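Trainee: Please read through the structure below; I'll follow up with questions.
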Amino acid sequence: MGLTSAAVKAKARELGFDLCGVAPAESFPELAFLREWLDRGYAGEMAYMARSAERRLDVRAVVPGARSVIVTGTVYNTVPPCAEGDVPPAIARISRYAWGGDYHDVLKARLEALVAWMRAAAPESFETRVYVDTGPVQERVYAQHAGLGWVGKNTCLINPELGSWLFLGEIICTLPLEPDAPGLEQCGGCTRCLEACPTGALVDAGVLDATRCISYLTIELRGRIPEPLRPALGNRVYGCDICQEVCPHNRTAPVSADPAWQPRAGLDRPPLAALWRRTDDDLRALLKGSPMKRAKLTGLRRNVAVAIGNSGDRDGAAALGDAGAERPSASDPMVREHVET
Ligand code: SF4
Ligand code: SF4
């Protein structure tokens with residue numbers, strides 16, 4: 001007998017994944033919306049989205065002959081959502097997915113262990129491709145079709161029991177595994193996330209204008225943050241969790257005990273002034289092995305400068321005067337513009 005979906009899922013659980021399901025490797029109707037989303041300019045500077053659009057419409061363009069997409073979900077939340085409620089203005093808010101180790105590396109290694117096990121267990125040979133977040137795959141759509149949950153109005157994958165603090169990862173493979181039933185939409189009449197978004201980035205249910213989203217502005221955007229949007233960042237220096245924090249399905253979300261996601265020293269609610277005062281070498285060391293390195297030093301300094309401006313914190317404002325040879329990124333013209341405005 002060949003490898004079964006049930007056996008793959010049991011092994012996934014053993015390897016530390018909280019969720020695992022199988023979607024058929026097809027082009028689902030929801031995937032076609034990507035083109036319209038790109039045409040509306042909602043991807044901003046994320047040119048890789050347009051570059052990979054063709055492949056994103058169907059995983060069979062990524063792995064020819066693909067029959068199945070094994071999708072995994074991993075809880076990364078390490079604090080109950082209510083504990084994050086009141087972070088003082090002078091303290092940096094960092095999106096909770098970035099508090100621990102770099103999920104790309106951690107989860108890719110676990111997915112590769114699952115593939116190695118599949119190869120040993122399956123009688124036939126097969127092709128695979130493993131992705132965690134960065135591949136040309138609309139992973140939330142495949143996650144829904146693998147039965148992991150549904151794509152909420154906040155565009156996140158929500159599991160009815162575990163909520164949305166989940167990392168997704170997938171194995172596209174040519175094995176014809178038994179697919180799961182797709183997850184059912186359970187947002188109903190709720191619109192909390194749309195109402196709570198401080199920049200109006202959720203322009204409609206499940207439609208994100210990334211160019212207005214704080215996650216995009218603080219992580220993906222390389223240049224200047226549009227001035228009218230800066231106040232909405234508040235003390236957020238990397239990402240934004242608001243549309244997940246307000247989601248009722250996260251009210252009882254579980255907490256992960258996995259050492260990989262526990263908050264690192266220095267990223268656990270650091271004062272804005274202390275973050276700015278770190279030398280570039282210090283910052284580099286802090287971000288090593290963290291997903292936050294995606295913002296680059298200049299991006300992070302830019303965000304901290306905006307957050308200090310929003311906070312009204314006098315120590316922070318004094319810290320902004322500290323540039324000097326040990327902090328070359330603080331003298332970057334783009335960063336300076338955010339310090340001075
Ligand atoms: S992450 Fe923040 S800014 Fe982006 S859509 Fe959600 S609430 Fe809005
Ligand atoms: S806040 Fe409400 S509408 Fe938004 S994703 Fe959660 S359940 Fe859906």
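Trainee: Got at least one residue in segment 142-165 being in contact (Cβ under 8 Å) with a residue 12 or more places away in the chain and farther than 28 Å from residue 243 by Cβ?
Mentor: No, every residue in segment 142-165 fails to be in contact (Cβ under 8 Å) with a residue 12 or more places away in the chain and farther than 28 Å from residue 243 by Cβ.
Trainee: Can you name the number of the only condition in (1) farther than 16 Å from residue 75 by Cα; (2) more than 16 Å from ligand 2 (Cβ to nearest atom) that residue 141 fails?
Mentor: (2) is the only condition that residue 141 fails.
Trainee: Looking at (1) closer than 30 Å to residue 40 by Cβ; (2) in contact (Cβ under 8 Å) with a residue 24 or more places away in the chain, which is the only condition residue 263 fails?
Mentor: Residue 263 satisfies every listed condition except (1).
Trainee: Hey, among 232, 253, which residue is outside the structural domain of residue 44 (by TED's automatic domain parsing), modelled with pLDDT under 95 and either within 16 Å of ligand 2 (Cβ to nearest atom) or part of a helix (DSSP H, G or I) (or both)?
Mentor: Unique residue meeting the criteria: 253.
Trainee: Among the candidates 236, 224, 251, which residue alone is over 20 Å from residue 166 (Cβ atoms), away from ligand 1 (no atom under 13 Å from the Cβ) and in contact (Cβ under 8 Å) with a residue 24 or more places away in the chain?
Mentor: 224
Trainee: Does residue 39 count as surrounded by 15 or more Cβ atoms within 10 Å (Cβ to Cβ), more than 30 Å from residue 307 (Cβ to Cβ) and among the acidic types (Asp, Glu)?
Mentor: Here the answer is no, as residue 39 does not meet what is asked.
Trainee: Looking at segment 135-154, can you tell me whether even one residue there is modelled with pLDDT of 95 or more and assigned to a strand (DSSP E or B)?
Mentor: Within segment 135-154, one or more residues are modelled with pLDDT of 95 or more and assigned to a strand (DSSP E or B).
Trainee: Further question on the same structure: Being within 16 Å of ligand 2 (Cβ to nearest atom) and of a type in the set (Asp, Glu) is true for just one of 220, 245. Which residue is that?
Mentor: 245
Trainee: Can you go through 187, 193 and tell me which one is closer than 21 Å to residue 33 by Cα and within 11 Å of ligand 1 (Cβ to nearest atom)?
Mentor: Going through 187, 193 in turn, just one is closer than 21 Å to residue 33 by Cα and within 11 Å of ligand 1 (Cβ to nearest atom): 193.
Trainee: From the set of residues in segment 205-216 that are in contact (Cβ under 8 Å) with a residue 24 or more places away in the chain and assigned to a helix (DSSP H, G or I), which is farthest from ligand 2 (Cβ to nearest atom)?
Mentor: Kept after step one, since they are in contact (Cβ under 8 Å) with a residue 24 or more places away in the chain, are these residues of segment 205-216: 205-211, 213-216.
Applying the additional criterion that residues be assigned to a helix (DSSP H, G or I) yields 210-211, 214-216.
Numbers: 210: 17, 211: 20, 214: 16, 215: 15, 216: 18 Å.
Only one residue tops the list, namely 211.
Trainee: What about residue 219, is it aliphatic (A, V, I, L, M), within 15 Å of ligand 1 (Cβ to nearest atom) and part of a loop (DSSP other than H, G, I, E, B)?
Mentor: No: the conditions fail for residue 219.
Trainee: In addition: If only one of 246, 255 is touching a helix residue (DSSP H, G or I) at 6+ places or on another chain (Cβ under 6 Å), of a type outside the set (Asp, Glu) and under 30 Å from residue 190 (Cα atoms), which one is it?
Mentor: Of 246, 255, the one residue that is touching a helix residue (DSSP H, G or I) at 6+ places or on another chain (Cβ under 6 Å), of a type outside the set (Asp, Glu) and under 30 Å from residue 190 (Cα atoms) is 246.
Trainee: Here's a follow-up. Can you find a residue that is in a helix (DSSP H, G or I), touching a Cys at 6+ places or on another chain (Cβ under 6 Å) and in the same structural domain as residue 135 (by TED's automatic domain parsing) anywhere in segment 13-23?
Mentor: No, the conditions are met nowhere in segment 13-23.
The values are calculated or read from the model by the stated rules, or taken from the named source; none is laboratory data. Owing to the predicted nature of the structure, the values given are computational and were not obtained by experimental measurement. Because the Cβ atoms are built from the backbone with ideal geometry, glycine has one as well, and the counts that use them run over all protein chains shown.
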